[in-house]
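Written below as structure tokens is the structure these notes are about.
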Amino acid sequence: MELPFAESYRIKMVENIRRSTRDEREKWIREANYNLFGLKSEQVFIDLLTDSGTGAMSDHQWSALMLGDESYAGASSYFHMKEAIKEITGFDYFLPTHQGRAAENVLFSVLVQPGNIVPGNAHFDTTKGHIEFRKAFAVDCTIDKAWDTTNPYPFKGNVDPVKLEETLKKNNDKINFIIITVTCNSTGGQPVSMENLRMVREIADRYHKLVVFDSARFAENAYFIKKREKGYENKSIREIAREMFSYADVMTMSSKKDAIVNMGGFIGMRDKELFTKASTYNIMFEGYITYGGMSGRDMEALAVGLYEGTEYEYLETRIRQVEYLGNSLIKLGIPVQQPIGGHAVFVDAKKFLAHIPEEEFQAQTLAIELYKEAGIRGVEIGALLADRDPITRKNRFPELELLRLAIPRRVYTNNHMDVVIAALKNLYDRRKEIKHGYKIVKEAPIMRHFTIQMAPLG
Ligand SMILES: *Cc1c(COP(=O)(O)O)cnc(C)c1O
């Protein structure tokens, strides 16, 4: 008999979570004005709101905390982090920051001027925010296949070389760098192939541009390259990651993802002059260059996390769990973005609740129903997130209305995934009984989804 797959770790410490009743959940979600961000975490049984900063640290990470050197300048923890970054990514220079968007803020203070254009593959929302805040523009050069949820293309994070070259030709003098997000969060945690990264490097060289990697999930990207790209089957995750980074000049990192810590980030750089310029902004926004918003103990845990996050056994456990959830839903005929990405399963709410009009917010409706059904918290990636058009103030209805179920690292078991699968199956079977969606009662002028208040229709 073939031995089944099992997790590459065992559980040493637990946090109790509580099942609730449907009556309780109906009351709680009403009190939260039908916004899942408004719930207390103790009102949630299985929390799939995000995979950011929600991972479980290992025994090695917890013990590394004790080694934290809390010096303002030149802490040994800073040098441990530097050593890990050099070994895993190859970058000689780095600046610590308190999280990923802080790294963007510091780096873009040097690299982005008003009127600039920043081409990339479906920029993450904070990345786009930091570009647009500086009166510059993000141009999306992702391949078209990424927007068809049924297309099983293995690298739906790839850049379209034709779109990229056209953008460069048209706006050459307005472009300082190209930004590539690995894996591409906005298309569903979809990877970028090594061939595509090499191609972006080659194009950037011809136009004398920098290449920046938004690297939050670089290790998950390396895992997909190993699994799906010819010639990489026998390479280690770290060899693949090193080759990926060899095509970049700069990296920004949200360490709350693949470095498996609860808070932290950094910028990695090759160029001393860029490092010197960015250092000024780091000191202004984040803290001195040897801590940048991080405690010594957190830098220690991050250094260990970079090694653990690039171990094949860990990544296999992690991504197989996400695939287990996604593929089980596919087998039940539930529409999801395919193939399953690295960190989350994206349910296609436009298809799931096709009988509800988009003006009633299908993905939000599904998210609320799933919470009421089983105490599971996902997040809407659709019209609420897309906000209103800044000029017409009309609701923007994006191509995809998705319910994202993000899986925290090393936190839940497949029994929890089975609860999610059964809850979605129940909802799918009685989807026609869900007759009405929701309307907006109160909203902020920008980034409304975090604080929006809604009310049921019908
Ligand atoms: C999370 C994330 C960021 C921002 O990082 P924070 O740590 O949340 O500030 C940037 N880019 C990508 C791709 C991300 O997933």
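Only the coordinates and a few stated rules stand behind these numbers; no lab work does. All figures in this text were calculated on a predicted structure; none of them were measured in a lab. Counting neighbours? That spans all protein chains shown, and the Cβs are built from the backbone with ideal geometry, glycine included.
Applied to the range 127-140, the Karplus parametrisation 6.51 cos²θ - 1.76 cosθ + 1.60 on θ = phi - 60° returns per-residue 3J(HN,Hα) values of 5, 4, x, 5, 6, 5, 4, 8, 6, 10, 10, 9, 10, 7 Hz, with x for Gly and Pro. Look at the dipole of the chain built from charges on Cβ: of 454, 35, 137, the Cα furthest out on the positive end belongs to 454.
What's the angle, to the nearest 10 degrees (0 to 90), between helix 296-308's Cα axis and the longest principal axis of the chain? Relative to the chain, helix 296-308 is tipped by roughly 80 degrees.
Please state the shape class of the range 322-458: rounded when a/c is under 1.5, otherwise prolate if a/b exceeds b/c and oblate if not, all from the C-alpha gyration tensor.
Details: a/c = 1.87, a/b = 1.55, b/c = 1.20.
Note, shape of the range 322-458 comes out prolate.
Only loop residues by DSSP count here, and only those with at most 12 other Cβ atoms within 10 Å; note down the trypsin sites (Lys or Arg not before Pro) in the range 28-113 that meet that. Could you put the intermediate results ahead of the total?
Values: sites: 30, 40, 82, 86, 101; in loops: 40.
Taking the range 28-113 and a limit of 12 other Cβ atoms within 10 Å, the loop trypsin sites (Lys or Arg not before Pro) found are 40.
Around the Cα centre of the range 59-308, unit charges on the Cβ atoms of Lys, Arg, Asp and Glu (plus for the first two, minus for the last two) sum to a dipole of about 500 debye. Here the label points at residue 395 and residue 272, each 7 Å from Cα along the C-beta direction, are separated by 5.7 nm in the simple model. Report, in whole Å, the centroid distance computed from the Cα atoms of the range 357-401 and the range 158-198. If you average the Cα positions of each part, the centres end up 27 Å apart. Packing order of peptides 284-294, 328-338, highest average first: 284-294, 328-338 (average count of other Cβ atoms within 10 Å over each peptide's residues).
The angle between the Cα long axis of helix 312-331 and the main principal axis of the chain comes to about 30°, on a 0 to 90 degree scale.
The packing ranking, built from the mean of other Cβ atoms within 10 Å per residue, places the peptides 234-240, 263-269 in the order 263-269, 234-240, highest first.
Based on Cβ point charges of +1 for Lys and Arg and -1 for Asp and Glu, what charge dipole magnitude is obtained for the range 1-69 about its Cα centre, in debye rounded to the nearest 20? Don't skip to the answer; put the middle values down first.
Values: 9 positive and 12 negative charges, 65 e Å.
The dipole magnitude comes to about 320 debye.
Ranking 183, 98, 291 by Cα position along the charge dipole of the range 59-308, where only Lys, Arg, Asp and Glu carry charges on their C-beta atoms, puts 183 farthest toward the positive end. Here's the picture: charge each Lys and Arg Cβ at +1 and each Asp and Glu Cβ at -1 in the chain, and of 415, 78, 437 the one pushed furthest to the positive end of that dipole is 437. Counting other C-beta atoms within 10 Å, and keeping those with at most 13, which DSSP coil trypsin sites (Lys or Arg not before Pro) do you find in the range 120-228? Passing sites in the range 120-228 are 135.
For the range 287-346, the spread of Cα positions along the three principal axes, ordered from largest to smallest, is 52, 25, 14 Å.
Anisotropy class assigned to the range 59-308 is oblate, per the alpha carbon gyration tensor with a/c at or over the 1.5 cut-off and a/b no larger than b/c.
Note on residue 9 and residue 239: their simple-model spin labels are 2.6 nm apart, each label 7 Å out from Cα toward Cβ. Put in order of Cβ neighbour count within 10 Å, fewest first, the listed residues 454, 244 become 454, 244. Dividing the convex hull volume of the alpha-carbon atoms in the chain by its residue count gives 153 Å³ per residue. The H on the amide N of residue 139, modeled in the peptide plane, is under 5 Å from the matching H of 118, 120, each at least 5 residues off or on a different chain.
Computed extension gain for residue 207 through residue 66, at 0.36 nm per residue and net of the alpha carbon distance, reaches 46.0 nm. Report summary: the helix-based calculation at 222 nm, which adds -39500 (n - 2.57) for every DSSP H run with n ≥ 4 and divides by the residues of the chain, gives -12000 deg cm²/dmol.
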